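One structure is given below, encoded as structure tokens.
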Amino acid sequence: MNIVNDKITDYLRSFHRPVDDDLEELRNKCVEGRIPLILPETEDFLRVLLSITRPSGILEVGTAWGYSSALFAKLLPDAMITTIEKSERVREKARFNHEQMGVASRIDAVQGDGGEVLKYMADMREDREKVIEDLLRRVQEDPETAFAGAPTAVDEPDWEPDIMTESRIEDISRASEGTYDFLFIDAAKSHYREFLDQGLRLLEPGSVILCDNVLMKASVIDDGYDGHRRHRTNVKRMHEFIEYLCGRADLETVIMSCGDGLALSRMI
């Protein structure tokens with residue numbers, strides 16, 4: 001379900017103009033390949049928001065094919081972007097797209113579970129040597145584990161192992177040294193609270209947080225919109241996340257019916 005009247009959505013999208021031909025081509029490829037990406041009206045909102053806030057360091061959870069991170073790089077030529085993607089295959093596709101668009105030098109794509117990577121990054125700021133030592137021990141003892149939420153059977157087509165390597169540790173360590181004043185969350189909907197809590201540990205005072213798809217096609221308002229209730233766990237956790245987010249005294253938050261729902265917050 002569209003959370004906004006279809007005629008209004010069509011009207012709003014009639015004003016959408018791609019930033020450039022490269023992004024328009026990537027959007028079309030994502031749509032054709034059924035790859036998740038921000039909706040056109042969400043992109044337009046982001047363009048204005050970023051022009052106002054002018055962040056110098058963006059932290060993104062959920063890379064997909066790299067559309068939004070490429071958008072950030074093109075809109076903010078002086079900003080550095082770190083984006084976290086759970087799937088190695090998908091991250092490599094995003095890296096290829098970034099290279100093709102000439103923005104790869106300013107986008108650091110880190111592979112791993114979003115909540116886990118964010119926690120490692122924040123912990124490294126507190127005790128880098130200990131965290132790296134623990135991770136190196138994991139490489140030696142048990143480098144391969146299943147992704148959180150991954151299919152349980154290794155022969156399922158979407159399954160891939162999460163192998164901790166020394167190069168991944170270097171990626172996480174490098175990302176932890178960045179300065180971030182903008183957090184964009186657009187990944188596994190049932191883990192938004194974890195992404196937020198760990199991400200806040202990495203942000204500068206006064207930073208802005210934007211969470212996408214928080215209304216989940218209106219299912220957080222009425223689970224009747226969730227067809228056969230196939231997403232009931234995600235819906236329940238998203239509803240809890242919105243209550244948690246809006247109840248935090250250290251954040252100013254507004255929920256907007258833009259795209260599939262946006263939660264915009266600022267650290268007080």
Inset, instruction - Under 18 Å between C-alpha atoms is the cut-off here; go through the chain and count lysine pairs that meet it, provided they're at least eight residues apart or on different chains. - result: 9
Legend entry - 0 to 90° range, to nearest 10: angle between helix 21-32 axis and the chain longest Cα axis: 90 degrees
Inset, instruction - Could you pull out every residue, at least 5 positions away or on a different chain, whose amide H is within less than 5 Å of the one on residue 215? Hs are placed 1.01 Å off N in the peptide plane, and Pro or chain starts have none. - result: 261
Legend entry - Extension reserve of the residue 10-residue 52 stretch, reckoned as 0.36 nm per residue once the Cα distance is removed: 12.5 nm
Inset, instruction - Take every Cα pair under 8 Å in the chain that's 6+ residues apart, average their separations, divide by the length, and report that relative contact order as a whole percent. - result: 18 percent
Inset, instruction - Compute the Kirkwood hydrodynamic radius of the chain, taking the inverse of the mean of 1/r over all pairs of distinct Cα atoms, and give it in Å to one decimal. - result: 19.3 Å
Inset, instruction - Enter the accessible area per residue of the chain (Å², integer; probe 1.4 Å; all protein chains in place). - result: 51 Å²
Inset, instruction - Mind grabbing the base-10 log of I(q)/I(0) for the range 1-136 at q = 0.10, 0.15, 0.19 Å⁻¹? Debye formula, identical points on the C-alpha positions, no solvent, two decimal places. - result: -0.39, -0.80, -1.15
Legend entry - Cα pair distances in the range 188-268, grouped into 5 Å bins until the bin that holds the longest one, percent each: 3, 15, 27, 25, 16, 8, 4, 1, 0
Inset, instruction - List the residues whose amide H sits under 5 Å from the amide H of residue 84, counting only those 5 or more places along or on another chain, with H placed 1.01 Å from N in the peptide plane. - result: 60, 61, 62, 63, 110
Legend entry - Positive dipole terminus of the chain, leading residue within 107, 120, 76 (C-beta point charges): 76
Legend entry - Degrees separating the helix 40-53 axis from the principal Cα axis of the chain, which is the longest one: 70 degrees
Inset, instruction - Would you mind pulling out the separation of the Cα centroids of the range 46-62 and the range 79-111, in Å? - result: 16 Å
Inset, instruction - Can you find, among 62, 132, 19, the residue farthest towards the positive end of the dipole of the range 1-151? Put +1 on the C-beta of Lys and Arg, -1 on that of Asp and Glu. - result: 19
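The values are calculated or read from the model by the stated rules, or taken from the named source; none is laboratory data. Because the structure is a prediction, the values reported are computed rather than measured. Methodologically, a virtual Cβ is constructed for each residue, glycine included, from the backbone with ideal geometry; neighbour enumeration extends over all protein chains shown. Heavy atoms of the whole protein, side chains included, go into the accessibility calculation; ligands, DNA and RNA do not. Shrake-Rupley method; radii C 1.70, N 1.55, O 1.52, S 1.80 Å.
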